Amino acid sequence: MTTHLAVVPAAETPEDCARRLAREFHGADAEAILDHAIRHAFTEEIALVSSFGAESAVLLHLASRVDPSVPVVFLDTQKHFAQTLSYRRKLASKLGLTDVRDIRPDGGEAAEIDPHGDLWRRDTDACCDLRKVRPLKTALDGFGAWVTGRKAFHGGERVSLPAFEWNGKHFKVNPLVSWSRDDVASYMELHEIPQHPLVEQGYPSIGCWPCTRPVGDGEDVRAGRWSSSDKAECGIHVR
Ligand code: SF4
């Protein structure tokens, strides 16, 4: 596949470009990775995708230091906790982010596929497809790269993530991949960043209200997500 992104030399495939960047930035500081991605490699063609969840503020704070006008995509699934919607407004304002985009499911598709809003009870994959995967695909049209907040300590496929990837259509940038839970907590404290209000109620990972529960002592950070099934990812990060 060809790409018009300036970062990719003519003789290099996007896959090779992503591997090269991953090698060059292996172990690099998160802000250096983000700065290179936003200000040099992908410039006008990069967006940050944020859930405004438990750990999202770190990446958003870093982005605000690099370029507060970078587009931020928030997938408003219409199933978020009220606390998440309030946090999204307050945090974006506090950090001075000027281009946060609330992306909702297509109204026609929602009326057809999930007319009563209870699809999550029967088919979580279909519900995530309607409320997350399809809207994100539309939101990222016109972008060549996006930034994620994934971290290796969250487990699963995230354990082996590089800082830069190519997924066949977009570059994905993972500046926080090597961060630990303590790193996140220390950064939040150092910069006096407000926490999502549900963290102190036992939610270390926060998604939609029907599919998120608090976790107990000793449980994995994502144990409260889709905890009544073996589902582990919403589908936007299928590799
Ligand atoms: S997390 Fe649950 S409610 Fe949210 S989109 Fe997925 S299935 Fe639907």
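The values are calculated or read from the model by the stated rules, or taken from the named source; none is laboratory data. None of these values were measured; they are calculated from a predicted model. Backbone-built Cβ (ideal geometry, glycine too); neighbour counts: all protein chains shown. Remember, those area values only see protein heavy atoms, side chains included, never the ligands or the DNA or RNA. Shrake-Rupley method; radii C 1.70, N 1.55, O 1.52, S 1.80 Å.
What's the number of the condition residue 163 fails, among (1) over 15 Å from the mean Cα position of the chain (by Cα); (2) within 23 Å of residue 16 (Cα to Cα)?
In the conditions (1) over 15 Å from the mean Cα position of the chain (by Cα); (2) within 23 Å of residue 16 (Cα to Cα), residue 163 misses (1) alone.
Across the range 74-108, what is the number of residues that are within 13 Å of the ligand (Cβ to nearest atom) and either in a strand (DSSP E or B) or not hydroxyl-bearing (Ser, Thr, Tyr) (or both)?
9
Does the range 92-100 contain any residue that is closer than 19 Å to residue 150 by Cβ and in contact (Cβ under 8 Å) with a residue 24 or more places away in the chain?
Checking the range 92-100: not a single residue is closer than 19 Å to residue 150 by Cβ and in contact (Cβ under 8 Å) with a residue 24 or more places away in the chain.
Going by what's in this entry, would residue 145 be described as within 20 Å of residue 62 (Cβ to Cβ), in contact with an Asp or Glu (Cβ under 8 Å, 6 or more places away or on another chain) and surrounded by 17 or more Cβ atoms within 10 Å (Cβ to Cβ)?
It is true that residue 145 is within 20 Å of residue 62 (Cβ to Cβ), in contact with an Asp or Glu (Cβ under 8 Å, 6 or more places away or on another chain) and surrounded by 17 or more Cβ atoms within 10 Å (Cβ to Cβ).
Can you name every residue in the range 211-239 that is over 23 Å from residue 91 (Cβ atoms), under 19 Å from the mean Cα position of the chain (by Cα) and within 16 Å of the ligand (Cβ to nearest atom)?
Across the range 211-239, the qualifying residues are 223, 226, 231, 232, 233, 235, 238.
Considering the range 195-210 alone, what residues qualify as being assigned to a helix (DSSP H, G or I) and within 16 Å of the ligand (Cβ to nearest atom)?
Answer for the range 195-210, where residues must be assigned to a helix (DSSP H, G or I) and within 16 Å of the ligand (Cβ to nearest atom): 209, 210.
Let's see how each residue does on (1) open to solvent by less than 70 Å² (accessible area, probe 1.4 Å); (2) within 16 Å of the ligand (Cβ to nearest atom); (3) within 18 Å of residue 50 (Cα to Cα); (4) free of Cβ contacts under 8 Å to residues at least 12 places away in the same chain:
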| position | (1), (2), (3), (4) |
| --- | --- |
| 125 | no, yes, no, no |
| 133 | yes, yes, yes, no |
| 139 | yes, yes, yes, no |
| 150 | yes, no, yes, no |
| 166 | yes, no, no, no |
| 182 | no, no, no, yes |
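Inside the range 39-85, can you point out the residues that are polar (S, T, N, Q) and closer than 21 Å to residue 184 by Cβ?
The answer is 50, 51, 56, 64, 83, 84.
Okay, residues lined up against (1) within 14 Å of the ligand (Cβ to nearest atom); (2) farther than 21 Å from residue 70 by Cα; (3) part of a helix (DSSP H, G or I); (4) of a type in the set (Lys, Arg):
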site: 111; (1), (2), (3), (4): no, yes, yes, no
site: 136; (1), (2), (3), (4): yes, no, yes, no
site: 143; (1), (2), (3), (4): no, no, no, no
site: 179; (1), (2), (3), (4): no, yes, no, no
site: 193; (1), (2), (3), (4): no, no, no, no
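Checking residue 159 against (1) exposed (fewer than 15 other Cβ atoms within 10 Å of the Cβ); (2) within 16 Å of the ligand (Cβ to nearest atom); (3) closer than 25 Å to residue 46 by Cα, only one condition comes out false. Which one?
Result: residue 159 fails condition (2) only.
Quick one: which residue in 70, 58, 8, 49 is buried (at least 17 other Cβ atoms within 10 Å of the Cβ), assigned to a loop (DSSP other than H, G, I, E, B) and within 17 Å of the chain's Cα centre (by Cα)?
70
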